[in-house]
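The block underneath contains the structure these notes are about, expressed in structure tokens.
The values are calculated or read from the model by the stated rules, or taken from the named source; none is laboratory data. What you are looking at is a predicted structure, and each value in this text was computed from that prediction instead of being measured. Using ideal geometry, Cβ is built from the backbone for each residue, glycine included, and neighbour counts are taken over all protein chains shown.
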Amino acid sequence: MGTLHVISGAAGETAQLVVRKITFSDLKEALAKGFDDFLAMRTHVIPLSLIYPIVGIVIARMSFGYDMMPVIFPLVAGFALIGPFAAIGLYELSRRREEGIDISWSRGLEVLRSSSIDAIVALGILLLILFVVWLAVAQALYQSLFGYGTPNSVGQFLTDIFTTREGWTLIVIGHALGFLFALAVFTISVVSFPLLVDHDVGAAVALHTSIKAVLVNPVFMAAWALFIAVALMVGSLPFLVGLAIVMPVLGHASWHLYRKVVAPDPSPHPKLREPKAGNRYAAEFPVSLLPWVRSDK
């Protein structure tokens, strides 16, 4: 029964959500509302969002420390592949602000007790798998061009990349492959995670709805994907610090875009699972790590 719930949710296999066509004005409005959410809750989300630049810097530092310079860029760029999953707390805060209920930062963590969390985690694992596959592909591409040795220094690595034929081949093919991975992640996640925060419909319906949203609005979804890519690039330039602002704005905006794309539906809303007293088991992870999260009093 647990597996069935992950796939189809409380709504069952018959859940059918209506996907609407959108315009550029809808994209602008979603972005404006996302920025407004950020301004209204910046004291909540900036501390949480510092995890993005911190993790990025730690990844880069570890890469230098273990002679993994060839995968620094794939690691940092690929980190964005799991961004939609990492933003579920932001979706929850936008939902709560929209409904006029408590938006304290701890409330964003209540999504971890949602009846949809199993499906959310399942899709998160899918993104993690794509992230790992991307790293493997990037590493294999580098080794096919430069062999299995590692650069002796950062200077040598940069020289190899920007002044050799193999380096430019790596740049062109690497970006093309990265685009395909980013396209796959965008297609399956653009509305799936906000949808699961809003409705307990299961992973299958969420994936189907997200893919349908892209197919129904190819031009405007492509424009949104391009904007995300540019925003992440700009936010990454000052030592990744800008991601502490870019990521929450994009997260909030993604919630409002979901509202534009998916029509209101009577499908069941997620219910909060009551925390269990006494022993906590592995099956309750990651909620078991957050004992302070409680339902509204």
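The figures follow:
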read-out: Segment 13-51 - residue that is surrounded by 15 or more Cβ atoms within 10 Å (Cβ to Cβ) and part of a loop (DSSP other than H, G, I, E, B) and, of those, modelled with the highest pLDDT; value: ILE22
read-out: Filtered residue count, segment 213-247, keeping only those that are modelled with pLDDT of 95 or more and assigned to a loop (DSSP other than H, G, I, E, B); value: 1
read-out: Single unsatisfied condition, VAL197 versus (1) in contact with a strand residue (DSSP E or B) (Cβ under 8 Å, 6 or more places away or on another chain); (2) modelled with pLDDT of 95 or more; (3) under 19 Å from PRO266 (Cα atoms); value: (2)
read-out: Test: residue in segment 89-102 that is more than 20 Å from the chain's Cα centre (by Cα), among the aliphatic types (A, V, I, L, M) and at pLDDT below 75; value: no
read-out: So GLY174, is it touching a helix residue (DSSP H, G or I) at 6+ places or on another chain (Cβ under 8 Å) and over 20 Å from VAL76 (Cβ atoms); value: no
read-out: Matching option when the condition is farther than 24 Å from ALA222 by Cβ, assigned to a helix (DSSP H, G or I), at pLDDT below 65 and of a type in the set (A, V, I, L, M, F, W, C), among ILE7, ILE54, ILE59, ILE72; value: ILE59
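This table checks each residue for (1) in contact with a strand residue (DSSP E or B) (Cβ under 6 Å, 6 or more places away or on another chain); (2) buried (at least 20 other Cβ atoms within 10 Å of the Cβ).
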site: PHE162; (1), (2): no, no
site: ALA223; (1), (2): no, no
site: VAL241; (1), (2): no, no
site: HIS252; (1), (2): no, yes
site: HIS256; (1), (2): no, yes
site: PRO270; (1), (2): yes, yes
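Here is a yes/no grid of residues against (1) surrounded by fewer than 14 Cβ atoms within 10 Å (Cβ to Cβ); (2) part of a helix (DSSP H, G or I); (3) in contact (Cβ under 8 Å) with a residue 12 or more places away in the chain; (4) of a type in the set (Val, Ile, Thr):
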residue: ILE129; (1), (2), (3), (4): yes, yes, no, yes
residue: LEU145; (1), (2), (3), (4): no, yes, yes, no
residue: GLN156; (1), (2), (3), (4): yes, yes, no, no
residue: ILE188; (1), (2), (3), (4): no, yes, yes, yes
residue: LEU196; (1), (2), (3), (4): no, yes, yes, no
residue: ASP200; (1), (2), (3), (4): no, no, yes, no
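Conditions tested, residue by residue: (1) under 28 Å from LEU183 (Cα atoms); (2) buried (at least 22 other Cβ atoms within 10 Å of the Cβ); (3) of a type in the set (Phe, Trp, Tyr).
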position: ILE88; (1), (2), (3): yes, yes, no
position: ARG107; (1), (2), (3): no, no, no
position: LEU126; (1), (2), (3): yes, no, no
position: TRP134; (1), (2), (3): yes, yes, yes
position: GLN139; (1), (2), (3): yes, no, no
